[in-house]
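The values are calculated or read from the model by the stated rules, or taken from the named source; none is laboratory data. These figures come from a predicted structure and were not determined experimentally. Because the Cβ atoms are built from the backbone with ideal geometry, glycine has one as well, and the counts that use them run over all protein chains shown. Quick note on the areas: whole protein, heavy atoms, side chains included, nothing else; ligands and nucleic acids left out. Shrake-Rupley method; radii C 1.70, N 1.55, O 1.52, S 1.80 Å.
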Number of protein chains: 2
Amino acid sequence: MSSPKSMRLGIVQCALGDTTAANLLRVFELMASAAESGASVILTPELFDGSYFPQHERESNFARAHPLDEHPTLLASRELCARLGVVAPISLFERDGPHYYNTLVLVGVAGELLGTYRKSHIPDGPGYEEKFYFRPGNSGFRVFQTPFGALGLGVCWDQWFPECARALTLAGADVLLYPTAIGTEPEEPELNTRDPWRRAMQGHAVSNVIPVAAANRVGEEDAMRFYGSSFIVDQRGDELASLSEDEEGFRVVTLDLARARSERAAWGFFRDRRPELYGSLTEP
Amino acid sequence: MSSPKSMRLGIVQCALGDTTAANLLRVFELMASAAESGASVILTPELFDGSYFPQHERESNFARAHPLDEHPTLLASRELCARLGVVAPISLFERDGPHYYNTLVLVGVAGELLGTYRKSHIPDGPGYEEKFYFRPGNSGFRVFQTPFGALGLGVCWDQWFPECARALTLAGADVLLYPTAIGTEPEEPELNTRDPWRRAMQGHAVSNVIPVAAANRVGEEDAMRFYGSSFIVDQRGDELASLSEDEEGFRVVTLDLARARSERAAWGFFRDRRPELYGSLTEP
């Protein structure tokens, strides 16, 4: 597949709740608007078909998971992508036999499946009890070729790990995409993670000379308020588009992938890396 | 050595030129002022004993290098540290037989040598012709215990590499310190690297939950203008102190190392890393 020179990337941000049908309607409506504005690739929030259930540890929530081949949210998303002619990573609660994963499925322009990534880094803390639900992903970091560019996919907590961003760029990604669910800390009301959250990903953008996007939800759900602030930055970490802390909507920008590739070569980071000195990063 | 709860960290920023004696006088004067303001650890710019000679590829510049045990800048710096009772990483052009390195020597409060680090990542481009001069460092990434905390040391170009910051934090650093020489791009006047430069290190701060400092030079030297902007950020990437693009001076702040250690534990990044998935980072 030849390397496209540019990509029209869209991000979607909205409030979500317990009613799956209403969530899909809302997200799909915004995806359609982004596609109308020319987006070829559309990024949506993490686990958008429901409330952010890992806020609590409840056995009943495991019933939200489905095998991928019969996952209602995936089936609906495939129809939508085919109708809009867009590529979209869809975030899902996956059941695979006795295992449960926080999974991203990349859907292609004909509604076909382009691949699967299972979230590698699983958080655990007040309001983010993901270790109760999700087995740490076993897919490894994966980059997917599409007609619009090579997509490096991570999920939420992955966005804090420089190793993930580096591995995806080493594997040939043109852009890094992170579906997200993040907001207030129910037991630490004074801790606002919004700025550090952006800085970590701006750092990935600079260190890997690669555009980065994150799509988050907004609104209150029980004890949490999700702070939106979805954004797209270019390969220097400069903001190309963003949404506010409570806005619902979408943004579409053109990423100059050829320019980013050229700058990535000229900066020389990948020329000057010293893999033989990085052994401690892979020690168990 | 027990882990101190806080560190008084100073950074020094100034213009430098071709006269070594004048440079040492200027830097030492600012170090003394920082010590008077209570700094126990003082960070100064990269290769502060001369102009930034790697701007050009000139054989005559190799005469600036000396073996460490007779390096005039190191001898003078040891006297100063003993007099002030401070710890300081001193950036030097080192000659070791036929090899030349961009080396950092950590000097202790009695003027003793606490250890040596040789810059691992060597840049090469218009205005930054370091590959002409410096052999890539063979010391590996090193953390040095001091009475004031554990110092993770990198040099300039190292500051763009997340692997270096991660390796230093994994090795027990309390703070990351980067002597720096960076400014305009002589052949790309429209490229301002200042913001990406800061973002890369703010990213390291957040991803490793560790305070980070960089000390740069200011002023014009031939075709280049060095943009200063030296800074100290805390473990969330929030700025604690900084200098402007042309200011000469120093800043001293108190780093709450105990608080940073506690936050580093609570964020869970080091609990949730997946070293078994990071193999591609160490591939030759």
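Details
- Residue match in region B:158-173 (condition: open to solvent by 10 Å² or more (accessible area, probe 1.4 Å), part of a strand (DSSP E or B), at pLDDT 95 or above and within 14 Å of another protein chain (Cβ to nearest Cβ)): no
- Here is the figure for region B:271-284: residues that are touching a helix residue (DSSP H, G or I) at 6+ places or on another chain (Cβ under 7 Å), surrounded by fewer than 19 Cβ atoms within 10 Å (Cβ to Cβ) and in a helix (DSSP H, G or I) total 4.
- Within region B:1-31, the set of residues being touching a residue at least 40 places away in the same chain (Cβ under 8 Å), hydrophobic (A, V, I, L, M, F, W, C) and surrounded by 16 or more Cβ atoms within 10 Å (Cβ to Cβ) comprises B:MET7, B:LEU9, B:ILE11, B:VAL12, B:CYS14, B:ALA15, B:LEU16, B:LEU24, B:PHE28, B:LEU30, B:MET31.
- Of the residues making up region B:109-137, those that are within 21 Å of B:ARG95 (Cβ to Cβ), not aromatic (Phe, Trp, Tyr) and not in a strand (DSSP E or B) number 12.
- A Cβ distance below 9 Å, combined with a sequence gap of six or more or placement on separate chains, defines the contacts here; from region A:258-284, residues that are within 7 Å of chain B (Cβ to nearest Cβ) and on the phi > 0 side of the Ramachandran plot reach residues that are surrounded by 13 or more Cβ atoms within 10 Å (Cβ to Cβ) and part of a helix (DSSP H, G or I) in the pairs A:GLY268/B:TRP157.
- Of everything listed in (1) assigned to a loop (DSSP other than H, G, I, E, B); (2) in contact with a strand residue (DSSP E or B) (Cβ under 8 Å, 6 or more places away or on another chain), the single unmet condition for B:GLN235 is (2).
So that you can scan it fast, the table gives a plain yes or no per residue for (1) of a type in the set (Phe, Trp, Tyr); (2) in a strand (DSSP E or B); (3) modelled with pLDDT of 95 or more; (4) farther than 28 Å from A:GLY125 by Cβ:
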{"residue": "A:TYR178", "(1), (2), (3), (4)": "yes, yes, yes, no"}
{"residue": "A:ALA181", "(1), (2), (3), (4)": "no, no, yes, no"}
{"residue": "A:GLU185", "(1), (2), (3), (4)": "no, no, no, no"}
{"residue": "A:GLU188", "(1), (2), (3), (4)": "no, no, no, no"}
{"residue": "A:ARG198", "(1), (2), (3), (4)": "no, no, yes, no"}
{"residue": "A:PHE226", "(1), (2), (3), (4)": "yes, yes, yes, no"}
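- Residues in region A:118-147 that are within 24 Å of A:ARG8 (Cβ to Cβ) and touching a helix residue (DSSP H, G or I) at 6+ places or on another chain (Cβ under 9 Å): A:ARG142, A:VAL143.
- A residue that is part of a loop (DSSP other than H, G, I, E, B), in contact with a strand residue (DSSP E or B) (Cβ under 6 Å, 6 or more places away or on another chain) and among the hydrophobic types (A, V, I, L, M, F, W, C) occurs somewhere in region B:242-265.
- Of all residue pairs spaced 6 or more apart or on separate chains, those with beta-carbon atoms under 7 Å, a first member in region B:67-81 that is open to solvent by 70 Å² or more (accessible area, probe 1.4 Å) and a second member that is outside any loop (DSSP other than H, G, I, E, B) and hydrophobic (A, V, I, L, M, F, W, C) are B:ARG78/B:VAL107.
- In region B:200-224, residue farthest from A:SER280 (Cα to Cα) [restricted to those that are in a helix (DSSP H, G or I) and out of contact with any Gly (no Cβ under 6 Å at 6 or more places or on another chain)]: B:MET201
- Taking the numbered list (1) free of Cβ contacts under 8 Å to residues at least 60 places away in the same chain; (2) surrounded by fewer than 20 Cβ atoms within 10 Å (Cβ to Cβ); (3) away from every other protein chain (no Cβ under 14 Å) in turn, B:SER229 passes all entries but (2).
- When the criteria are applied in full, B:THR44 fails the requirement of being surrounded by fewer than 18 Cβ atoms within 10 Å (Cβ to Cβ) and modelled with pLDDT of 95 or more.
- Residue match in region B:129-150 (condition: open to solvent by 20 Å² or more (accessible area, probe 1.4 Å), in contact (Cβ under 8 Å) with a residue 60 or more places away in the chain and closer than 28 Å to A:ALA266 by Cβ): yes
- Candidate set from region B:47-66 (those that are of a type in the set (A, V, I, L, M) and part of a loop (DSSP other than H, G, I, E, B)); member that is surrounded by the fewest Cβ atoms within 10 Å (Cβ to Cβ): B:ALA65
- Search result, residues across region A:191-225 that are basic (Lys, Arg) and more than 14 Å from chain B (Cβ to nearest Cβ): A:ARG217, A:ARG225
- Contacts under 7 angstrom Cβ, first residue in region B:109-127 being more than 12 Å from chain A (Cβ to nearest Cβ), partner modelled with pLDDT under 95, 6 or more apart: B:GLY127/B:GLU185; B:GLY127/B:PRO186; B:GLY127/B:ALA223
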